[in-house]
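Each remark here refers to the structure printed beneath this line.
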Amino acid sequence: MGVSVEYLRGLPQLTVPLPSRKELCLFSLRPVTHSVGDLMEQIRSEDRGIDRVVLKTIDGTRIAASNTIESLMEQDFDLVINDVTYRVTSPPRERVSKEEMERLSDVQNLVMQLYEALHVGEHQLKKERHLMAQLEQLQSQILPLEQKKNLVMTGAERRTTTFTWVGLALMGVQFGALARLTWWEYSWDIMEPITYFVTYGTSIACFAYYVLTKQEYILPDVRDREYLLQFHKRAKKMGMNVAEYNRLLESIAQVENDLKRLRDPLRVHHPPAGSKLFDPLDDSTSHGGQMVSTSLWNRTQLRLQNLLRTSSKP
């Protein structure tokens with residue numbers, strides 16, 4: 001009994017005689033994932049009486065256990081079990097020629113194009129409906145928060161504007177009081193040091209604002225800070241969750257961006273904005289869609305016939 005190799009469904013089948021049992025054993029190997037070490041381990045596990053398994057080339061060079069089965073089957077080799085040497089002849093494998101590979105590649109590309117033409121529109125429509133449903137759900141969730149936000153913004157804007165006008169009124173009162181004391185009650189000689197200390201006190205107040213807020217005393221920044229303080233204060237009072245509102249707002253922006261990319265005819269196979277979508281109740285669109293489908297199917301059949309005709313030629 002000798003060792004034989006044959007290919008079954010692209011996998012090498014190795015038939016090895018077991019010395020202890022005096023019977024043949026069939027080993028199914030994977031050319032890429034299995035190695036020579038895996039083959040030797042399988043042979044030892046089938047017959048405990050086997051002490052030594054070695055694979056060698058025809059000229060006697062030992063084959064490493066890390067070599068793959070694919071490289072092993074490229075040429076004939078010797079299988080040594082204990083002290084018995086078996087010559088293994090690798091059967092020739094049918095290899096696909098370059099022309100056949102190109103034909104198969106053309107057929108594969110054609111099938112992919114046909115599948116894409118028939119299914120991408122449906123998949124895109126499902127995706128768009130899913131995004132629209134998600135967008136409607138997010139908009140329904142953000143609607144109550146949007147109403148609260150409008151009320152909070154109105155109150156914060158009104159309160160900030162009131163503070164601004166109050167500050168202007170106080171500055172006017174200060175100017176009038178100093179003018180009254182300078183020209184009617186007292187003289188400039190008495191009021192000059194008072195105005196100096198008032199000005200210096202205002203500088204101290206501006207510097208104290210910088211120390212407390214770590215921001216320069218610039219009127220637009222001061223107004224924005226007061227507005228934000230009033231906004232968060234009123235939002236907390238009315239029970240508005242600002243973090244949840246921002247999260248919903250970001251989610252809506254993300255979904256709208258996905259819809260925009262999905263509807264972009266330059267990125268996906270989508271009809272342009274000026275084209276008329278298919279409507280089963282519209283005769284013009286029905287005939288047009290039937291003509292497009294028929295034309296695509298005819299071109300596909302013609303290309304398949306040409307490929308089959310060229311492949312059948314010797």
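The values are calculated or read from the model by the stated rules, or taken from the named source; none is laboratory data. This one's a predicted model, so the numbers in the text were calculated from it and none came from an experiment. Because the Cβ atoms are built from the backbone with ideal geometry, glycine has one as well, and the counts that use them run over all protein chains shown. All accessible areas refer to the heavy atoms of the entire protein, side chains included, with ligands and DNA or RNA removed. Shrake-Rupley method; radii C 1.70, N 1.55, O 1.52, S 1.80 Å.
Values as computed for the structure displayed
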quantity: Residue match in the range 211-221 (condition: charged (D, E, K, R), surrounded by 10 or more Cβ atoms within 10 Å (Cβ to Cβ) and at pLDDT below 80); calculated: no
quantity: From 79, 72, 11, residue being within 16 Å of residue 91 (Cα to Cα) and modelled with pLDDT under 85; calculated: 11
quantity: Residue pairs meeting the criteria (Cβ under 6 Å; at least 6 apart or on separate chains; first on the phi < 0 side of the Ramachandran plot and touching a residue at least 60 places away in the same chain (Cβ under 8 Å), in the range 64-93; second among the hydroxyl-bearing types (Ser, Thr, Tyr) and assigned to a strand (DSSP E or B)); calculated: 79/86
quantity: Filter result (in a strand (DSSP E or B) and open to solvent by 20 Å² or more (accessible area, probe 1.4 Å)) within the range 14-24; calculated: 15, 23, 24
quantity: Residues located in the range 123-170, provided they are hydrophobic (A, V, I, L, M, F, W, C), under 15 Å from residue 259 (Cα atoms) and in contact (Cβ under 8 Å) with a residue 40 or more places away in the chain; calculated: 131, 132, 135, 138
quantity: Any hit, the range 61-82, residues being open to solvent by 80 Å² or more (accessible area, probe 1.4 Å) and under 14 Å from residue 3 (Cβ atoms); calculated: no
quantity: The listed residue being in a helix (DSSP H, G or I), farther than 26 Å from residue 246 by Cβ, of a type in the set (Lys, Arg) and open to solvent by 60 Å² or more (accessible area, probe 1.4 Å), out of 126, 148; calculated: 126
quantity: Residue 275 being hydroxyl-bearing (Ser, Thr, Tyr), modelled with pLDDT under 80 and open to solvent by less than 80 Å² (accessible area, probe 1.4 Å); calculated: yes
quantity: Of the criteria (1) open to solvent by 100 Å² or more (accessible area, probe 1.4 Å); (2) closer than 28 Å to residue 139 by Cα, which one residue 229 fails; calculated: (1)
